[in-house]
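Report on the structure given below.
The values are calculated or read from the model by the stated rules, or taken from the named source; none is laboratory data. The model shown is predicted, which means the values in this text are computed figures rather than measured ones. Cβ coordinates were reconstructed from backbone atoms using ideal geometry, including for glycine residues, and neighbour counts include every protein chain displayed. These area figures cover heavy atoms from the full protein model, side chains too; ligands, DNA and RNA do not enter into them. Shrake-Rupley method; radii C 1.70, N 1.55, O 1.52, S 1.80 Å.
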Amino acid sequence: MFLLCGAALSALAVHAQKKVIIEDESPKGVVLVTIDKAGDEIIRIMNESQMPYIHEPQAPRFLLTDRKGKFALGIGGYVRATAEYDFGGIVDNIDFIPAYIPNGSKIRNQFQMDASTSTIFLKLVGHTKILGDFVVYTAGNFRDGSNKGFQLRNAYVSFRDVTVGYTYGGFMDLGAMPSTIDFQGPNGATFYRATQVSYTYKGLKNFRFNASVEVPAVDGTTNSELDIAQQRMPDFTAYAQYGWNSKSHVRVGGLIRSMTYTSTLSDKAHAVTGFGIQASTTFNLGKQWQVFGQATYGKGIGQYLNDLSNLNVDIVPNPDEAGKMQALPMLGWYAGLQYNISPKVFLSSTYSMSRLYSENGYPANEPSTYRYGQYFVANLFWNVTPNMQVGAEYLRGWRTNFDNSTNHANRMNLLVQYSF
């Protein structure tokens, strides 16, 4: 039903380019307009609440507004199709994840196509005396398993700089993420979503401060003596950001978490403390160059790093203490450049690495275990129209294990995306 409504309204939007489609004369009626005909305040809130991330949908092309133009509901999204070809080694996943490069696979080539990241959203914005600027947003794609089921990506309410709901976590920086056709992005980037309550303070010019309380997700490796239990504490994140123009900022952030587990050798629950520190930036060099990068270090933060989130290494057994678990040190980083050839065409390239460190002999005593991964991407994007984007991309990845064995993979991606 949700998709049928979106399709019907998309058809109406074509005619909305010239005139208003629905105009109910009752005081509580609604008007269907293109976004350029919405009030200045609605357009401002729509633009300010737009997330600075290439895989987030653009502002909707049309809106349902009340007759006074104080509230607006936008329906939009994009259809996204990619073609992928692996050669000289494969990644055993639809996304390019170095951790999934097989050890000694006989299959060296692979062809895939994907449309499951196509996204649809609903966005309600407005302004009231009590709530100030508010946004109600929900979005999803079709990545829920092999059956391409609908998967929730965002569902939150934001008002007076408070956000409540499910969305991107506070221990990441969307504005410093590079542009990639690969949906997951650099393997050393922090990327995750969490149900949370967060607050952002914007009272100082050029500065922004944020703190959040987030529902934890703990993935670990256990044995017959150990089990990861229900979690007793939320994750806490915070960051401070300084920005000197709309495309330039530097941010430092941190995370602390307590991860609960149980042991058959005792009758009580135990906890391991994890932490993370992060620095990220993006800034422009003239009108054509954009620089971006991020570095993250911590213990027990595998859940948040793209590559390591696939390895169940938030907490692991401690070989030196029976019935005990530990948090391993880990590192992730990336750096890249974007060159804007014209307002519609740009090139970008990024190198990234993630690394897992051994502690108390674990997991160095398991030679085939992932030690570090490398990720290189170079791509070209062309915004053919305001609503259509095409692109081409080359990716190379390496996986190195604790025995220093290395396997690699290459991939070519092609993209066609149309926003509605």
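Axis angle, to the nearest 10 degrees, between helix 2-16 and the longest C-alpha principal axis of the chain: 40 degrees. Charge dipole (Cα centre; +1 on Lys/Arg Cβ, -1 on Asp/Glu Cβ; no other charges) of the range 63-130 amounts to roughly 640 debye.
Electrostatic tally near G302: other residues with Cβ closer than 12 Å to its Cβ, Lys and Arg +1, Asp and Glu -1, net 0. Over the range 31-419, the alpha carbon radius of gyration divided by the compact-protein estimate 2.2 N^0.38 Å works out to 1.03. Measuring nothing but protein heavy atoms, the accessible surface of the range 31-419 at 1.4 Å probe radius is 58 percent carbon and sulfur. Note on the chain: helix-only mean residue ellipticity at 222 nm, from DSSP H runs of 4+ residues weighted -39500 (n - 2.57) and normalised by residue number, equals -2000 deg cm²/dmol. Simple spin-label estimate for A322 and E41 gives 6.9 nm between the two label positions (7 Å along the Cα-to-Cβ direction from each Cα). Distance between the pseudo-spin-label points of D219 and F150 (7 Å out from Cα toward the beta carbon): 2.5 nm.
Over all other residues within a Cβ to Cβ distance under 14 Å of Y100, the charged ones net out to -4, with Lys and Arg as +1 and Asp and Glu as -1. Net charge in the neighbourhood of L395 (other residues with Cβ under 13 Å of its Cβ; Lys, Arg +1, Asp, Glu -1) is -3.
Computed over protein heavy atoms with a 1.4 Å probe, the accessible surface of the chain works out to 46 Å² per residue.
Lys-Lys pairs in the range 51-179 that are eight or more residues apart or on separate chains and whose Cα atoms lie under 25 Å of each other come to 5. Scanning residues 5 or more positions from Q151 or on other chains, those with amide H under 5 Å from its amide H are N141, F142, R143, D144, with H placed 1.01 Å from N in the peptide plane.
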